[in-house]
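Below: one structure, written as structure tokens.
Only the coordinates and a few stated rules stand behind these numbers; no lab work does. The shown structure was predicted, so the numbers you read here are calculated from the model rather than taken from an experiment. Note that we place each Cβ from the backbone using ideal geometry, even for glycine, and neighbour counts take in every protein chain shown.
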Amino acid sequence: MCRALAVFAKRMELFRIVSGGKAFALFQNKSIINGENMKSIFVSMIAAAGLVVAGSAMATDMPELAKKSGCTACHTVEKKLVGPAWRDVSKAYNKVGATGTAVDPKVYQTTQKVAAILKEHGKATPEAWLVEKVSKGGKGDWFTTTAMIPNAPRVSQADIKTLVDFVLGLEKK
Ligand code: HEC
């Protein structure tokens, strides 16, 4: 409920910015509304509506399963919270991990090469490693102050696998 209100308020703000307050000002002063003005009002309203739709399509929300499993206490898709942003995790393991190049610490805020991490833990794929990491918790691979708590057995292996696949899928080519 609160979230819905916040989203609504954000959209209204966006609409106000995009329309530059013009549409409302013109409505208030009826005498200056003529054909041309009406046209520009509608154009700016349609543009604003388009931006609102684009804005909501851009940020990926956390899936229901992540909320139910308690991941959202520490993670969001787009922003670092207690744990790294899931998009950054996905970038690290997909794009950079695939080539074995060092992950750029400034961009991804991780301390190690993905290939080295996999080797250290004797895992063949990012999926296998992340399922184990999320199950057991731990810290030290990302620049965070807190450790991830063990999520298993509170969260089932099947659900952890689904969540890891969601994370990896965010940036999969
Ligand atoms: C108590 C906070 C907390 C909770 C709850 C939590 N995480 Fe984390 N998560 C973290 C932290 C902190 C890290 C960084 C660990 C590190 O630096 O090694 C992390 C890292 C990760 C990573 C990247 C692991 C790596 O080594 O690259 C994934 C994937 C992840 N979490 C998924 C999940 C999922 C899925 C859940 C829910 C089932 C979850 N997390 C719940 C705090 C949390």
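How far is it, in nm, from the label point at Thr162 to the one at Lys136 when both lie 7 Å from their Cα along the line to the Cβ?
With each label point 7 Å from Cα toward Cβ, the separation is 2.5 nm.
Using 0.36 nm times the number of residues separating His121 and Ile149, minus their current alpha carbon distance, what extension gain do you get?
That pair, His121 and Ile149, stretches by 8.2 nm at full extension.
Under the rule of at least 5 residues apart or a separate chain, name every residue whose amide H is placed under 5 Å from the amide H of Val77.
Hits under the 5 Å cutoff: Met62, Trp86.
Of Lys68/Lys139; Lys80/Lys136; Lys67/Lys123; Lys67/Lys119, which ones are farther than 26 Å apart at the Cα? Please list the in-between numbers first.
Working: Lys68/Lys139 23 Å; Lys80/Lys136 20 Å; Lys67/Lys123 28 Å; Lys67/Lys119 31 Å.
Lys67/Lys123; Lys67/Lys119, as the Cα separations exceed 26 Å there.
Put a dot 7 Å past each Cα toward the Cβ at Ala128 and Leu65; how far apart are the dots in nm?
2.1 nm
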